[in-house]
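We did not get these values from a lab; they are worked out from the coordinates using the rules stated. Everything numeric in this text was worked out from a predicted model, so none of it was measured.
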Amino acid sequence: MSSFRPFGLTACLAAPVAVALLIPASLSPARAQAVAAAPTAPQAANPAPAPPTTTTATSQQESPGQRGLTARAIDKVKQVAKSAGDIFSRVPCLPPKGGAKSMGSLPHVASKLVAGKPVVIVAFGSSSTAGFGASSPDFNYPNRLTAQLRRQYPTADITVINAGVGGEDAPEMMKRLQKEVIDVHPDLVIWQVGTNAVLRNLDPGDTAKLVEDGITRIQAAGDADIVLVDPQYSPRVTERPESAGKMVKLLGRVAELRHVGIFPRFEVMRDWHEKQAIPVESFVISDGLHMNDWGYACFAQLLGDDIIRSVGQIKLGVNVPADVRRYRPM
């Protein structure tokens with residue numbers, strides 16, 4: 001793995017971050033301050049949820065109040081396509097320079113989408129899955145991913161479950177793996193892990209072993225596709241280059257051994273800063289750790305693009321071997 005270059009002091013923390021990385025947005029006055037402290041981050045109106053896939057009977061006559069609600073819902077749906085792209089109006093979301101290969105085939109979730117069957121995706125992780133740093137729940141990455149997939153597949157029944165809990169890493173996640181992941185019988189598991197282990201100085205090897213054990217349990221329980229998401233590239237992480245480097249490398253190795261996908265968030269975010277010349281403050285809030293609205297949106301966009309690409313491969317009859325399910329941005 002290439003060497004890590006920590007940010008300078010100007011990009012470092014405005015204030016220390018507690019070990020418990022997630023505080024509910026409604027209870028955190030510092031959250032609004034943190035978001036406001038990133039003035040270079042693109043702003044956008046909150047995207048509306050995608051239109052529901054279920055239909056209702058039209059034989060019943062609607063009351064004026066019902067018609068008013070329906071009209072407002074339709075207006076909000078019409079805003080989705082426009083507002084979804086507004087966040088990239090100042091800074092576009094581009095794949096890493098030099099081109100990017102996809103994660104490869106995600107055969108189970110892609111086949112479900114091609115067949116028009118319901119799809120369940122579990123976003124499993126810590127505070128950056130829960131969405132700390134986003135200005136509203138609409139801007140966390142699972143909700144952005146949901147909106148993108150529903151725009152792409154408007155007739156599909158797609159559910160993305162946000163199973164992110166702030167402050168956790170592999171030891172805590174393993175305790176809820178059965179209930180919140182395996183028992184849900186998902187078609188795709190996106191497992192974001194490793195950042196808190198770096199911040200706590202946990203042994204990267206121990207984390208990798210727990211993640212491998214978790215993947216084995218998920219694979220034994222069903223046919224879910226799995227994508228790992230490694231730590232984010234942000235000042236709080238890059239100030240621990242040795243631990244961060246080992247974590248990124250070991251998670252990549254686990255993905256290779258267990259034949260699962262990996263989205264190398266660290267390398268993607270580093271590309272934003274070092275190759276695309278995007279200021280750190282444009283994708284990380286003032287705590288020096290968590291992404292802002294733009295960061296979550298671009299992360300979700302690139303991840304969603306890979307899922308959509310995989311569906312296209314299935315439609316074309318392209319059979320990508322499981323052992324090449326790796327997203328290689330460099």
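Just a few scattered comments:
- With 0.36 nm allotted per residue and the present C-alpha distance subtracted, the A221-K117 stretch has 35.5 nm of extension available.
- Which listed pairs, of K179/K249; K175/K209; K97/K249, have C-alpha distances above 19 Å, in listed order: K179/K249; K97/K249
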